[in-house]
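A.B. asks: One structure, pasted below without further comment.
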Amino acid sequence: MIRTKILTTIVILGLFIIGLPGCSPAQLTLDSNQSKVQVFVSLLPQAYFVEKVGGEHVQVSILIPPGADPHTYEPTPQQMKMLAEADLYLKIGTIEFEELWMERLADVNPDMLVVDTSQSIELIDDDPHIWLSPARVKVQAQNILAALSQVDAQHQEDYQQNLEAFQAEMDQLDREISQQLKDVKHREFLVFHPAWRYFCEDYGLKEIPIERDGKEPTAQEMAQLIKQAKEKGIRVVLASPQHSTHEAEAIAGDLQGKVITIDPLARDYGANLRQVALELAAVLAAD
Ligand SMILES: [Zn+2]
């Protein structure tokens, strides 16, 4: 009896000791990070898409930080250095930042695969804001899958499974937004920076831009815009955290309307778009 107990203790102790070496969590994290696919994207919401499709196999870095304007951003020397370690660059498509910098970014690292995630998406007037339409995000996700499978073929099955889950998530989001916005009273609104064209197309809305070609409007253009908005009974003006809200507030004041600030570039894509739909539905439903 006593012998059995002693033997059991020895066996348990032995197992415990054998189990210890090589299992420190720090070691594990380091090893798994090194084997991950190093992906660069331009915009914060793209990180959400790539992490959903890539899952545990990817490490995503974002070029354009929170609060920065993707139409005018310039990468830092530190970012150029980090790009030398990247396996893959996933472009949003045609945004000014990429048009101006992509060649130089690619020159830093000739081994990096560069993929345009707007492939097979029909752009309207070269408008780059395709990520604000869940239906178009599904196509971007397919392009992300193809790119990841090219640089990391051994995890292709995982990517395929993740893609299917993500497509279902986008379908659900699309249904929820449609539901939120289907019965609103007003279907047009003013917006300082016109980022919502594809979103509007999907949900039967129309944005009227205050900014024209990236420039603030002249006094004459402002007056014209206010006249047009009054005729149409528009009372809602959208602003975004990346731009000044000065014009939006001035115009809303004239229209006795309301400014709502919504973010086209939030990293938490699903939650943000739900919030956008909720706020828009509330203001567009009001008299
Ligand atoms: Zn924009």
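The values are calculated or read from the model by the stated rules, or taken from the named source; none is laboratory data. This is a predicted model, so every value here is computed, not measured. Every residue, glycine as well, gets a Cβ built from its backbone with ideal geometry; the counts of neighbours run over all protein chains shown. Side chains included, ligands, DNA and RNA excluded: accessible areas come from the protein's heavy atoms. Shrake-Rupley method; radii C 1.70, N 1.55, O 1.52, S 1.80 Å.
A.B. asks: Could you tell me the relative contact order of region 34-174? Use alpha-carbon pairs under 8 Å, at least six residues apart, and round to a whole percent. Display every interim value, and only then the final one.
C.D. replies: Values: 211 pairs, mean separation 36.2, N = 141.
Value for region 34-174: 26 percent.
A.B. asks: Taking a threshold of 29 Å on the Cα-Cα distance, which of the pairs 185/227; 91/227; 36/91; 138/230; 81/215; 182/230 fall above it?
C.D. replies: On the way: 185/227 20 Å; 91/227 39 Å; 36/91 19 Å; 138/230 37 Å; 81/215 32 Å; 182/230 23 Å.
With Cα atoms farther than 29 Å apart: 91/227; 138/230; 81/215.
A.B. asks: Continuing with this model, one more query. Just the projected area, averaged over all directions, of the convex hull on the alpha carbon atoms of the chain: how many nm²?
C.D. replies: On the way: hull surface 85.8 nm².
In nm², the orientation-averaged hull projection of the chain is 21.5.
A.B. asks: Okay, next question. Mind putting a number on the dipole of the chain about its Cα centre? Charges go on the C-beta only, +1 for Lys and Arg and -1 for Asp and Glu, and I need it in Debye to the nearest 20. Walk me through the numbers on the way to the answer.
C.D. replies: On the way: 24 positive and 43 negative charges, 226 e Å.
The calculation lands at about 1080 debye.
A.B. asks: Using all C-alpha to C-alpha distances in region 129-175, build P(r) with 5 Å bins and read off the rounded percent in each one.
C.D. replies: Spelled out per bin, shortest first, that is 5, 24, 29, 20, 14, 7, 1.
A.B. asks: Can I ask one more? Normalise the Cα radius of gyration of region 34-174 by 2.2 N^0.38 Å (N = residues in it) and let me know the number.
C.D. replies: 0.99
A.B. asks: Give the accessible area for residue 48 in Å² (nearest 10); use a 1.4 Å probe, count only protein heavy atoms, and leave out ligands, DNA and RNA.
C.D. replies: Accessible area of residue 48: about 40 Å².
A.B. asks: Can you compute the radius of gyration and Dmax for region 182-285, using only the Cα atoms, both in Å?
C.D. replies: Cα only, region 182-285: 13.0, 39 Å (Rg, Dmax).
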